[in-house]
Amino acid sequence: SGRRNVVIRNGTVQQFGYGVLLTAGTTHTTIDGVDMFRNALAGLELFDADDGRNGNTVRNSRIADNEVGVQLIGGTEHAVLEDNEIAGNLGEQLLIMGGAFNRVEGNTFHGIPSDPALDSDGGLLLEGTTDNQLIDNTVRDTGDAAIIIAEGSHRNRVQGGFYYRNGDAGVIIDASDRNEVVGATAHQQSDGGIVVGEAHHTVLRDNDVRFNPAGVEASNSNHLVLEGNDASESLQSGFELSDGVGLRIVGNTAHRTGASGIMLE
């Protein structure tokens, strides 16, 4: 706690409670190339690990077969996760709860444990956290949705990335306002490509949401912006929108859908 400028590099940490734990006031620490396997609580946890302006960086690491892969909790802010493989953890691959201004970029997440008798939950879960950036990540084969933004997680941005073969949807936004999903590709989910509920002022722009049961599903969401998205080849309607006011639907594509191209209810 309270340390600065620590470098943890290379090696393997396995079968502890936490693989690596950074706590209150830790800043400017770098975790680089560390393998964190089969830890009972989490491979990596950052708990209030910042000073309000500066956080910590995790890169080039493998975090697998833990209870939870990575937890950013306790008000952690300004953390950077980049170019990691986070896979086969039994709970979420990444949990961000509380805090703000974290950046998750260029990581690979999947939900297949090394033990075929086990299963995993979702990919990335954000609860009560704001102003985070999820950029160019790949999330596949998770038990639940690839990304869930919920419970008052406002002003987050999902940019780019490839999300495929996940349970539920590629991206779910629930009870959270002013989030953006831009330039994402979400194919072959078990539900919609992007699903929005009670999420006002959401922006969905230039996303490829083909080859899902539905491309975009939105309900109880006011002032939704739906622009330049492609929901072709949907098994049902390309865009299913209900119970909202002030919707802006511009320049979208829905070819060869199983039902309507755009359905308003």
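Just a few scattered comments:
- Per-residue SASA entry for LEU21, accessible area with 1.4 Å probe, Å² rounded to 10: 80
- Sequence ranges 81-91, 49-59, ranked by mean other-Cβ count within 10 angstrom, highest first: 81-91, 49-59
- Restricting segment 40-134 to chymotrypsin sites (Phe, Trp or Tyr not before Pro) that sit in a DSSP loop and have at most 10 other Cβ atoms within 10 Å of their own Cβ leaves nothing.
- Residue-count net charge about ARG155 - beta-carbon cut-off 11 Å; Lys, Arg +1, Asp, Glu -1: -1
- Prolate/oblate/rounded label for segment 43-171 (Cα gyration tensor, a/c 1.5): prolate
- Using Cβ point charges alone (K and R +1, D and E -1), the dipole size of the chain about the Cα centre works out to roughly 680 debye.
- Relative contact order of segment 211-265, defined on C-alpha pairs under 8 angstrom at six or more residues apart (%): 40
- Estimated Rh, the chain: Kirkwood, alpha-carbon pairs, angstrom: 18.4
- Contact order, relative form, for the chain: 9 percent (alpha carbon pairs under 8 Å, 6 or more residues apart, mean separation divided by residue count).
- Segment 11-16 - phi-based ³J(HN,Hα) in whole Hz, Karplus 6.51/-1.76/1.60, Gly and Pro as x: x, 10, 10, 8, 6, 10
- Of the residues LEU44, PHE239, THR202, the one whose Cα sits farthest toward the positive end of the charge dipole of the chain, with +1 on the Cβ of Lys and Arg and -1 on the Cβ of Asp and Glu, is LEU44.
- Cβ-based net charge around PHE37, under 13 Å, with every Lys or Arg adding one and every Asp or Glu removing one: -3
- With all protein chains in place and a 1.4 Å probe, the accessible surface of segment 167-216 carries 40 percent carbon and sulfur.
- Sequentially through segment 218-223, phi angles give Karplus couplings (6.51, -1.76, 1.60; θ = phi - 60°) of 9, 9, 6, 10, 8, 6 Hz, Gly and Pro residues having no value and appearing as x.
- Distant-in-sequence amide H partners of GLY152 (H built 1.01 Å from N, under 5 Å): GLY128, SER176
- Accessible carbon and sulfur surface of segment 15-81 relative to its total accessible area, %, 1.4 Å: 48
- Here the Karplus relation 6.51 cos²θ - 1.76 cosθ + 1.60, evaluated at θ = phi - 60°, turns the backbone of segment 84-99 into coupling constants of 9, 10, 10, 8, x, 7, 6, x, 6, 6, 9, 10, 10, 10, x, x Hz, with x for every Gly and Pro.
- One compactness figure for segment 166-265 is 0.91, namely its Cα radius of gyration divided by 2.2 N^0.38 Å.
The values are calculated or read from the model by the stated rules, or taken from the named source; none is laboratory data. Please read these numbers as outputs of a predicted model, since none were measured by experiment. All Cβ positions, glycine included, derive from the backbone under ideal geometry; neighbour counts span all protein chains shown. Surface areas here come from the heavy atoms of the whole protein model, side chains and all, with no ligands, DNA or RNA. Shrake-Rupley method; radii C 1.70, N 1.55, O 1.52, S 1.80 Å.
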